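The next block holds one structure in the form of structure tokens; read it before the comments.
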Amino acid sequence: MKNILKAALLCIPFTSFAEEPPTPSQTLFTNVHVWDGKSNGITKPINVLIENNLIKKLRANKSDINAKANIIDGQGKVLMPGLIDTHTHIAVPEQLGTLTNDVDFMYWGISAAQVTEDWLMRGYTTVRDAGGPAVGIKRAVEDGKVAGPRIYPSGPVISQTSGHGDHRAYTTPHPNMPGNKPHAMQTPQGFELLCDGIPEVLRCTREVLRSGATQLKLMAGGGASSSFGPLYTTQYLPEEIEAAVRAARDYGTYVMVHAYHDESIIRSIDAGVRSIEHGTLMTEKGMKKIMEKGAWISPYFTMLSLPWETIEAYVGPQNAHKARAIYDGAKKQISILKASGYDKIAFGADVVGPLSAQRNANNEFVVRAKYWPPVEVLKQATYNNARMLKEETGSRNPYLEGELGIIAEGAYADVILVDGNPLENIELLATPYESLLVIMKDGKVYKNALKLTTQ
């Protein structure tokens, strides 16, 4: 009898006990011209199949989709990779003085959430935040608490005393002195940490990495927003920068620095820094050093799209002379970058402050297109930026399932559908609310101005 029962059980197919695999979520874009992020032109109309959060197939057919698939008729528009900005400050949603003196952390967080969502709705599916408490925002985005792009957070910037990251009022005591309590701005959950000497730099570096930063941001020179960091200064000694670089390498990642002139650029690069932010007052000497070491440079030119009076009002009369030097230097820097023929030029707008100011970031496309062909600017803001994030972030890279900045099979489904051809009219990206018909990040549609159907 036992043998008969065994035989009967063996005759039952194992599949009867197995659960049916879940039907993958699919979206099929039909009738779209594709610019893939690398090519010099767009394709003829094709279909692109998204499955879950990845691009499944280019030149797909309707026979490739399941019964529950969503279909978006692209109407002959251009599908391209989602935009990437390598120098945002989504976690600084007001002027620094306002965050220091006039609002509490609840207001700060709500304002940052508003700014974060707006970056996504302007077509940016990935950003590298260049200073501020963006680690928590990244977590909130990934937990579905707020809509926003993928975020590579730097955490609070690391600055020497009296450096570009020292935004204390003149009479505010130093936060590291015995008996003093640091302001919220000068904490691991704030905008900046003041650290002097190798031991303090190492402590700050490790504290920022512990908090969840994917890379580090050091201030290696002065800037327009800091009252006690003159532009001519070179900040941090070589051994201090090198200490941060070595600690970051131990965590599998890199250091980016705020630097304007040759001295700060050369000192930083020689210490092992991998990304120069701005470089606005550089000469060919500084550019040569960047190229020798194969580092990246992330300039910003959005300011050139704004009237000088707007910039002067934003930085205030005490810093207007520094802002003017940067404003004038940006025009000279463009010619240096173009003449170099260097390909490791990132796309970042470096806008900071309230939502009204951050919305100027898309003007970066228009300014750059006056000096580079539109397709080169688009490559900077997609494939090139993705290449930098992948190459430099290393073991700290939180997005390894697919490629970023490209439309290819197996890449992340981070795409935007443009009402027109941005290779011919890049100004379309400067009016994103009108020109972007579909915004998809990680396979999820966040905006669709077209008709969505199912089979």
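The values are calculated or read from the model by the stated rules, or taken from the named source; none is laboratory data. Just so it is clear, the model here is predicted, and its values are computed rather than measured. Glycine gets a Cβ as well: all are built from the backbone with ideal geometry, and neighbour counts include every protein chain shown.
Worth pointing out:
- Criterion violated by Tyr342 - all others in (1) touching a residue at least 60 places away in the same chain (Cβ under 8 Å); (2) over 21 Å from Gly221 (Cα atoms); (3) among the aromatic types (Phe, Trp, Tyr) satisfied: (1)
- Listed by first and then second residue, the pairs with beta-carbon distance under 8 Å, at least 6 apart or on different chains, first residue in region 320-332 and assigned by TED's automatic domain parsing to the domain that holds Thr283 and buried (at least 17 other Cβ atoms within 10 Å of the Cβ), second basic (Lys, Arg) and not in a helix (DSSP H, G or I), form an empty list.
- When Thr233 is tested against the conditions (1) out of contact with any helix residue (DSSP H, G or I) (no Cβ under 9 Å at 6 or more places or on another chain); (2) more than 24 Å from Ser395 (Cα to Cα), the lone failure is (1).
- Every residue from region 125-142 that is surrounded by 24 or more Cβ atoms within 10 Å (Cβ to Cβ) and among the charged types (D, E, K, R): Arg128, Asp129, Lys138
- Applying the condition of being assigned to a loop (DSSP other than H, G, I, E, B) and among the aliphatic types (A, V, I, L, M) to region 262-280 and asking which residue is farthest from Val157 (Cα to Cα) yields Ala271.
- Test: residue in region 421-440 that is within 27 Å of Gly294 (Cα to Cα), assigned to a loop (DSSP other than H, G, I, E, B) and at pLDDT 95 or above: no
- Selection status of Thr431, under 26 Å from Ser211 (Cβ atoms) and β-branched (Val, Ile, Thr): no
- Only a single item in (1) among the hydrophobic types (A, V, I, L, M, F, W, C); (2) crowded, with 24+ Cβ neighbours inside 10 Å; (3) farther than 20 Å from Tyr327 by Cβ is not met by Leu355, and it is number (2).
- Listed by position, the strands (runs of 3 or more DSSP E) enclosed by region 143-261 that each have at least 1 residues that are surrounded by 20 or more Cβ atoms within 10 Å (Cβ to Cβ) and polar (S, T, N, Q) are 157-159.
- In region 90-109, the residues that are closer than 17 Å to Ala224 by Cα form Cβ pairs under 7 Å with partners that are of a type in the set (Val, Ile, Thr) and at pLDDT below 90, at six or more places apart or across chains, as follows: Val92/Val352; Glu94/Val103.
- Among residues of region 73-88, those that are under 20 Å from Ala113 (Cβ atoms) and more than 17 Å from the chain's Cα centre (by Cα), counted: 0
- So Ile71, is it assigned to a strand (DSSP E or B), surrounded by fewer than 21 Cβ atoms within 10 Å (Cβ to Cβ) and touching a strand residue (DSSP E or B) at 6+ places or on another chain (Cβ under 7 Å): yes
- Residue list for region 337-386, filter: in a helix (DSSP H, G or I) and of a type in the set (Val, Ile, Thr): Val366, Val367, Val375, Val377, Thr382
- Any hit, region 387-410, residues being closer than 16 Å to Leu83 by Cα, touching a residue at least 60 places away in the same chain (Cβ under 8 Å) and part of a helix (DSSP H, G or I): yes
- Taking region 258-276 as the range and being of a type in the set (A, V, I, L, M), over 20 Å from Ile326 (Cβ atoms) and over 23 Å from the mean Cα position of the chain (by Cα) as the test, only Ala271 passes.
- Index of the failed condition, Leu237 passing every other in (1) more than 25 Å from the chain's Cα centre (by Cα); (2) of a type outside the set (Ser, Thr, Tyr); (3) modelled with pLDDT under 95: (3)
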